[in-house]
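The values are calculated or read from the model by the stated rules, or taken from the named source; none is laboratory data. Remember, it's a predicted structure, so these values are computed and weren't measured experimentally. Note: ideal-geometry Cβ built from the backbone for every residue, glycine included; neighbour counts use all protein chains shown. Calculation scope for accessible area: heavy atoms of the full protein, side chains included, ligands and nucleic acids excluded. Shrake-Rupley method; radii C 1.70, N 1.55, O 1.52, S 1.80 Å.
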Amino acid sequence: MNYASTRDKSLSVTSAEAIKTGLAPDGGLFIPKEIPQLTMEDIEALVPLSYPERAVSILKRYLTDFTEEEIQDCAHSAYNKTKFETEEIAPLYKLNSGLYFLELWHGPTCAFKDMALQILPYLLKQSVMKTGETKEIVILVATSGDTGKAALEGFKDVDGTRIIVFYPENGVSDIQKRQMITQEGNNVDVAAVFGNFDDAQSGVKKIFGDKEYAEVLERNNFMLSSANSINWGRLVPQIVYYFSAYCNLLKNDEIKPGDSVNFVVPTGNFGNILAAFYAKEMGLPIHKLICASNENNILTDFINTGVYDKNREFKTTTSPSMDILISSNLERFLYHATGGDDVRVAGWMKALSEDGWYEVPDVTKAKIKELFYGGFCDDAKTLATIREENQKSGYVMDTHTAVAKQVYEQYKAETGDETKTVIVSTASPFKFCDSVLTAIAGEEAVSAISDEFALLDALAEKTELLVPAPLAGLAAKPVIFTTTCDKTEMYDVVSHMLNLS
Ligand SMILES: *Cc1c(COP(=O)(O)O)cnc(C)c1O
C-alpha cells in the first residue's frame, strides 16, 4: 500500500519513504491510500494473542513494503518486559461494568507516547535501510512535555540517528523537565525555548520547511526526520491499542463480538484520537469518539461549529500535554472526511497559517458530529474529578485522564448513552504529581513540600501506590542540558549540535 499527501493525492510513496521523511514535500501529512479492513472474525483472531503479536497483525496491513519478519522484529523489540512494567503492555482497568481505563503509561517514561515512540526508532531504522539512505537521520522534536522524553528514550544511542528536543521553557511540569534535562545517550540534545508549545512547534516546522537549510544539511550528510505525531510511523502503532482494548473486553466477557464501545480520548495534537478514527474505519465497532480538551478548547468548538479558530488566548493548564492550539493531525482527518479533497485541505491549512482560521462546509460538519462528541474541562473541575474518583473508588488518575473522565460525565449526562466506554488513560498520576497530590491531599499538603522528589514520595504514601521506577530514579541523575534559546535561535542549536559550518 502506498501513501499520498493530504495536500496532493497524486503523490505516491512507500511506507518506508513516508516514515523516513516524516512530512510530505508539499508540507502535507502522509495518509494511506486505502484503509485496510478487518472483519469481526479477524478481530476475534487477535484475542488470544500477546500485545506485540496484535501489533504485528495491525502494522503489516499498513506497512506492506516491510516483511512480516521485520515487523515482528520491531514489535517484539519495542513491546517487552524490559521496556514496560507489565507484560500486558496496555492493560485495561475495570472501574465498573460499563467503564474502563486503558492504561497506556506503563512504559519507560510513564506516558502514552511510549506506545509509539518505543517502536518508531525500529521502524525508522528499517525504513532507512529499505530506501537505501546513507545520510544520518536527525530527529527534531517539539514537545509539550511527554513526546520529548519518550523520543529521547526511544532514540538514545540508536546508530545512524541524532535527536534534538525543544521544549517550552514554561510549559512543562517539573518532572517532565527533569526527565529531559537528565537524558543520557551519545546522540541526544535538549534545549528550552522561550515561549509556549506552539512557538516550539512552529520553530521546528520552519526548519523542516526550509529548503536552503536542507541543502546545508545534505552537504554535511544529514537529513531531517520527525518523531512528532505528524510522522506516520508514530500514528500507526497507536491504532493497535484500540484493537487490543476491544480484544481485552472480549477476552474478559465484558462485551460480545460486534458490540460497540465508546472511547474517550484526552486530546492535544489529535494524534491519539485520530488513531481511534482509523481503528473505526478499519472495522472496529466504535459508537462514539469522545474528544476531551482542557481550557484550550479549540477542538470542542471545532466539533460543535465547524469553525477552527486559533485566534484566541493560549492557556497554561494542569494538563500541559494538551495545551495546544494547532492540532496538526486534524489535517489527516479532514482529508478522509472530505473523501480525499486535497485541494480543499490545502486551502484550509493555508487559511489557518495566514488568517488563523477556517470553516468547513455543512456536509463535513455533519460527518464530524456523527463521529465525535467534543467537550472540555477546566483545571478546577479536573482536580475535583481526581479527588472525587479517588474518594469513591480509590483509583488515581493523572490530570489528562481526569479531563477525559469529566468530559465523559458531561457526555453521559447530555446523551444518556449507556454504551460501554473506555477512557484512554495517557499518563501515570506520578508524572503530574503536584496537581494530583493537590487534588487528593489539598494545597497545604503540597505547599509544605519544597522539592519535586519529596512530592513523589508523598503521593506514594497517600495513595499506597509505588513511585514508578523511571521516576523514582530521577533524583539521583545529574542535569546534563541547560541550553535555553529564543524561537529565532533554534537553527543555531541544531547547527551547533551537528557541528555545521
Ligand atoms: C500527548 C499527550 C496527550 C495528547 O495526545 P495527542 O495525540 O497529542 O492528542 C494527552 N495526554 C498526555 C499525557 C500526553 O502526553
Per residue solvent-accessible surface (Å²) - segment 19-148, probe of 1.4 Å: 35
Label point distance in nm, N221-A384, each placed 7 Å from Cα along Cα→Cβ: 6.1
Label-point separation in nm, A351 to N252, each point 7 Å along Cα→Cβ: 4.4
Percent of alpha-carbon pairs separated by more than 13 Å within segment 235-302: 64
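Take the solvent-accessible surface of the protein heavy atoms, probe 1.4 Å, and return the percent of it on segment 1-159 that carbon and sulfur atoms account for.
Values: 2680 of 5630 Å².
In segment 1-159, the share of accessible area belonging to carbon and sulfur is 48 percent.
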Principal axis box of the chain, alpha-carbon based, largest edge first, Å: 61, 52, 47
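Considering just Cα atoms, how many Å³ per residue does the convex hull of segment 1-114 enclose? The partial results should precede the final answer.
Working: hull volume 17.0 nm³, N = 114.
Spread over its residues, the Cα hull of segment 1-114 gives 149 Å³ apiece.
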Stretch in the chain that is longest and holds no GluC sites (Glu not before Pro) that DSSP places in a loop and that have at most 13 other beta carbons within 10 Å: 185-312
Segment 81-141: trypsin sites (Lys or Arg not before Pro) in DSSP loop, at most 12 other beta carbons within 10 Å: K81
Cα centroid of segment 91-160 to Cα centroid of segment 451-479, whole Å: 23
With DNA, RNA and ligands ignored, accessible area of Y3 (1.4 Å probe; Å², nearest 10): 0
Partner aspartates and glutamates for K420 [C-alpha distance under 14 Å; skip if fewer than 8 residues away on the same chain]: D253, E254, D259, E409
Alpha-carbon gyration tensor eigenvalues x 5, square-rooted, for segment 244-358, Å: 29, 18, 10
Qualifying trypsin sites (Lys or Arg not before Pro) for segment 1-73 [loop in DSSP, other Cβ within 10 Å: at most 15]: K33
With 5 Å bins from 0: P(r) over segment 152-234, alpha-carbon pairs, percent: 3, 13, 20, 24, 24, 13, 4, 1
Residue-normalised accessible area of segment 242-312, given per residue in Å² at a 1.4 Å probe: 26
Cα-based Rg and Dmax for segment 291-366, where Dmax is the largest Cα-Cα distance (Å): 12.5, 38
Additional length obtainable on full extension of the chain from D42 to K156, 0.36 nm per residue less Cα span: 37.4 nm
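What's the whole-number percent of alpha carbon pairs in segment 72-207 lying beyond 27 angstrom? Please list the in-between numbers first.
Details: 2401 of 9180 pairs.
Within segment 72-207, distances greater than 27 Å cover 26 percent of Cα pairs.
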Bins of 5 Å, starting at 0 and running to the largest distance - Cα pair percent for segment 147-285: 2, 8, 14, 16, 17, 14, 11, 8, 6, 3, 1, 0
Heavy atoms of L500 accessible to a 1.4 Å probe, total area in Å² rounded to 10: 30
Inter-probe distance in nm under a simple model that places probes 7 Å from Cα toward Cβ, at L465 and V343: 5.2
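Stretched out fully, how many nm does the piece from S97 to K369 gain, at 0.36 nm a residue minus the Cα gap? Each step should come with its number before you reach the end.
Numbers: separation 272, 0.36 × 272 = 97.92 nm, distance 2.71 nm.
Answer, rounded to one decimal: 95.2 nm.
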M322 - accessible surface, heavy atoms, 1.4 Å probe, Å² rounded to 10: 10
Rg [Å, one decimal], Dmax [Å, integer] - segment 352-495, C-alpha atoms: 20.4, 56
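Stretch D486-T67 to full length: gain in nm at 0.36 nm per residue minus the Cα-Cα span? Could the numbers behind the result be given before it?
On the way: separation 419, 0.36 × 419 = 150.84 nm, distance 4.39 nm.
This chain segment gains 146.4 nm when fully extended.
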Where N is the number of residues in segment 376-443, Cα Rg divided by 2.2 N^0.38 Å: 1.09
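Hey, could you get me the Stokes-Einstein D for segment 271-322, Kirkwood radius over alpha-carbon pairs, 4 °C and 1.567 mPa s, rounded to whole µm² s⁻¹? Could you put the intermediate results ahead of the total?
Numbers: Rh = 12.7 Å.
Roughly 102 µm²/s, to the nearest whole number.
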